[in-house]
Amino acid sequence: MSSSTINSCKLMLLGRCLRALSFSVGIQFLLLTVFLLLVNFQVLHPLHWVVSTFSLVCSLYTWFASIPLIGAVIFYGLSLSQQYLAERRYHATRYRWLLHNGPRKLLFLSAHLLFGYLTAWLYTGYLNTDYSNLTYKCYGQDCLSSYHVYLLGMGITAGCYYFVTRHMRQEVSLDFAIVELSRTEKLREVLYKTLLMAPIKSLVPTLSYSLVFWLLSPFFNQRLSLLLGVDADDRLSSVWQMLSSVRLLFYGWLLTTQILSNMHLMQRLYAMLLTERLPLVVARQRLDAGEVTIAGALGLSNAYVVQCLAAHLIFKLSQRKNSLARLEYFQLTEPGNRPVNWRALCDQYLSIVGGYTDELANAVEQLLSVKGKREQGLAQNDVNGTMLAEKLMLRQYNAMHGIRQAVSPPRNLPQQQWTQDGVRHMPNWCERVSQQLEAAMQGLIKSIPGIVYLFMEPEHAKCLYLLEHSLPIIWLTQALSHICAASLNEDRFGVVQDDLAGIIRAQYRLKCELDKLSGALITHRLSSSGFNLLVRAVRRSLYNICHAFQDYLPELLKDSTDKSELHQLQAFIQLG
């Protein structure tokens with residue numbers, strides 16, 4: 001892949017991340033306005049309530065006090081951009097996952113904690129003196145304000161809660177809307193949905209944190225007061241004091257709602273802007289070196305976002321009636337009158353789908369082999385148990401009726417065993433002892449807590465990884481099937497005919513591997529939304545292309561090594 005294509009894609013994604021970051025900064029003042037409107041609510045003086053709130057938001061104090069929070073927003077936005085643009089790799093064990101993703105996740109966690117703390121610090125500055133100051137005068141001495149500590153801890157807890165529930169183990173996902181909406185409509189939909197759902201989702205972390213704070217506040221407040229050189233505060237030392245502080249609980253719930261909705265809005269903004277259509281072209285002009293072709297973007301295997309965007313774009317273009325982009329693939333380019341555009345797209349498709357199918361086949365074979373060994377071991381245990389039971393019953397029967405064995409067992413076994421070629425072997429008991437010791441050592445190592453969890457590869461891990469990252473395959477298979485079906489009427493030069501057999505075989509092979517995986521997933525009681533989407537997309541694509549060329553299938557597959565392939569495809573069309 002050329003460096004110009006990589007640099008152009010990086011510049012486009014960087015511009016989108018910067019726009020998302022600017023939108024995120026604007027959202028801070030919007031949410032701060034909502035917070036102040038709720039805190040300073042006045043029923044009798046609505047005009048004064050609104051005017052005073054907006055004047056406070058536009059004051060110099062707010063702009064200067066918001067500088068640390070804006071810095072935290074920038075830090076959080078950069079960390080979030082790195083999460084979206086990071087290369088998606090498979091890690092066989094959790095230990096390898098920790099080595100690769102551990103530092104990045106710790107950095108992202110620190111961004112969440114800093115974001116939550118600075119949000120709580122800024123918002124508490126607009127509350128009453130009992131909640132906005134860390135210390136206050138009590139009995140003529142400086143005392144630690146447990147109300148302020150409670151709210152600051154609530155901000156840190158909210159940031160940690162959002163990281164644990166959304167980002168600790170899973171990667172950020174890209175969602176493509178079925179119906180294309182404008183940016184304004186998407187932003188309004190995300191804003192309304194977030195502001196409606198965040199108050200409900202904030203109840204559980206608020207109540208949980210309040211319970212933990214009541215249990216640990218005596219110890220924590222005492223340590224913090226000794227560190228600051230002030231007296232401890234006992235206003236939240238009992239359950240009744242905690243429950244009777246209705247305003248404090250309301251402020252904590254409102255603060256949690258603001259932080260969770262803020263982080264969710266930032267994540268949705270990045271996802272919304274990164275999934276917008278990239279300015280990709282079918283054929284790059286000679287004079288414009290900054291253009292990126294769809295086939296070139298598909299070849300960026302280390303940029304998962306770019307691959308998804310390119311696959312989604314070619315899918316949308318292939319579905320349109322009288323698509324000019326589809327006609328460009330059927331054209332012959334100068335010099336040489338060769339189908340350069342189609343050749344680049346088809347080669348990328350066969351390479352991506354073929355590599356994906358090979359990895360899926362290896363993962364399915366490994367999963368089925370483990371399943372077969374387990375079933376064989378269970379069957380062998382059943383056979384051994386049955387034989388032992390029969391021997392025991394026979395021995396009891398002989399002892400009951402006084403029947404002796406016809407041949408007495410050998411008393412003395414040879415200490416050494418010699419073969420015909422004169423090679424001496426170890427006695428059977430030594431071999432059995434060594435096998436038992438080896439099995440015991442393996443069992444001992446596996447019994448240590450954490451060894452299997454960290455250093456053993458789960459049986460289904462590779463399959464689930466491939467299914468979770470199958471979005472480019474879903475779009476590509478459907479796009480190629482639409483283009484091939486349309487070529488029957490639009491391809492005047494027959495540029496697609498030579499590759500039809502290869503495309504059909506690639507999709508059919510992928511379908512067969514998915515059929516094998518279906519039974520294995522049911523046996524392991526695993527479910528994946530990516531599996532259902534991929535199966536339906538591949539079946540739909542294979543049916544479309546085979547139905548369009550059903551009269552020509554015998555001619556297309558005449559060189560196939562698998563003679564049953566044609567009959568299975570014809571039966572698949574009839575069943576569809």
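The values are calculated or read from the model by the stated rules, or taken from the named source; none is laboratory data. Note that the structure is a prediction, hence the values are computed from the model and not measured. In this analysis, Cβ positions are derived from the backbone assuming ideal geometry, glycine residues included, and neighbour counts consider all displayed protein chains. The area values use the complete protein model at the heavy-atom level, side chains included, leaving out ligands, DNA and RNA. Shrake-Rupley method; radii C 1.70, N 1.55, O 1.52, S 1.80 Å.
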Quick test of your reading of the structure: ALA177 fulfils all but one of (1) more than 30 Å from HIS91 (Cβ to Cβ); (2) small (Gly, Ala, Ser); (3) assigned to a helix (DSSP H, G or I). Name the failing condition by number. (3)
Any chance region 93-115 includes a residue that's in contact with a Gly (Cβ under 8 Å, 6 or more places away or on another chain), modelled with pLDDT of 85 or more and not aliphatic (A, V, I, L, M)? yes
Would you be able to tell me the number of residues in region 116-129 that are among the hydrophobic types (A, V, I, L, M, F, W, C) and modelled with pLDDT under 90? 1
Does ARG89 qualify as being surrounded by 14 or more Cβ atoms within 10 Å (Cβ to Cβ) and modelled with pLDDT of 85 or more? no
Qualifying positions in region 101-136 - touching a strand residue (DSSP E or B) at 6+ places or on another chain (Cβ under 8 Å) and part of a helix (DSSP H, G or I): THR129, ASP130
Filter region 169-200 for residues that are exposed (fewer than 12 other Cβ atoms within 10 Å of the Cβ) and either more than 19 Å from LEU274 (Cα to Cα) or modelled with pLDDT of 90 or more (or both) and give the result. ARG169, TYR192, LEU196, ILE200
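Suppose the filter is under 18 Å from SER541 (Cβ atoms), at pLDDT 85 or above and not in a loop (DSSP other than H, G, I, E, B); does LYS516 pass it?
For LYS516, the condition - under 18 Å from SER541 (Cβ atoms), at pLDDT 85 or above and not in a loop (DSSP other than H, G, I, E, B) - is not met.
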Quick check on region 70-80: of everything there that is surrounded by 21 or more Cβ atoms within 10 Å (Cβ to Cβ) and within 18 Å of LEU152 (Cα to Cα), which residue is farthest from the chain's Cα centre (by Cα)? ALA72
Residues of region 452-496 classified as in a helix (DSSP H, G or I) and exposed (fewer than 15 other Cβ atoms within 10 Å of the Cβ), total: 6
Within region 196-213, is there a residue that is of a type in the set (S, T, N, Q), free of Cβ contacts under 8 Å to residues at least 24 places away in the same chain and not in a strand (DSSP E or B)? yes
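Identify the residue in region 86-100 that is out of contact with any helix residue (DSSP H, G or I) (no Cβ under 6 Å at 6 or more places or on another chain) and assigned to a helix (DSSP H, G or I) and, among all such residues, is nearest to ASN302 (Cα to Cα).
Let us first name the residues in region 86-100 that are out of contact with any helix residue (DSSP H, G or I) (no Cβ under 6 Å at 6 or more places or on another chain), namely 86-87, 89, 92, 96-100.
Then keep just the ones that are assigned to a helix (DSSP H, G or I); that gives 96-100.
Values: ARG96: 18, TRP97: 17, LEU98: 20, LEU99: 19, HIS100: 15 Å.
Among those residues, the one meeting the criterion is HIS100.
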Residues GLN83, GLN28: which one is over 30 Å from ILE294 (Cβ atoms), assigned to a helix (DSSP H, G or I), open to solvent by less than 40 Å² (accessible area, probe 1.4 Å) and of a type outside the set (D, E, K, R)? GLN28
Under 8 Å between Cβ atoms, at least 6 apart or on separate chains: pull out the pairs that start in region 1-21 with a residue that is open to solvent by 80 Å² or more (accessible area, probe 1.4 Å) and end on any residue that is outside any helix (DSSP H, G or I) and of a type outside the set (Phe, Trp, Tyr). MET1/GLY299; MET1/LEU300
Identify, from the list LEU32, LEU38, LEU14, the residue that is under 28 Å from the mean Cα position of the chain (by Cα) and more than 19 Å from THR184 (Cβ to Cβ). LEU14
Going through region 203-246 in order, the residues found to be of a type in the set (Val, Ile, Thr) and exposed (fewer than 15 other Cβ atoms within 10 Å of the Cβ) are VAL204, VAL212, VAL239, VAL246
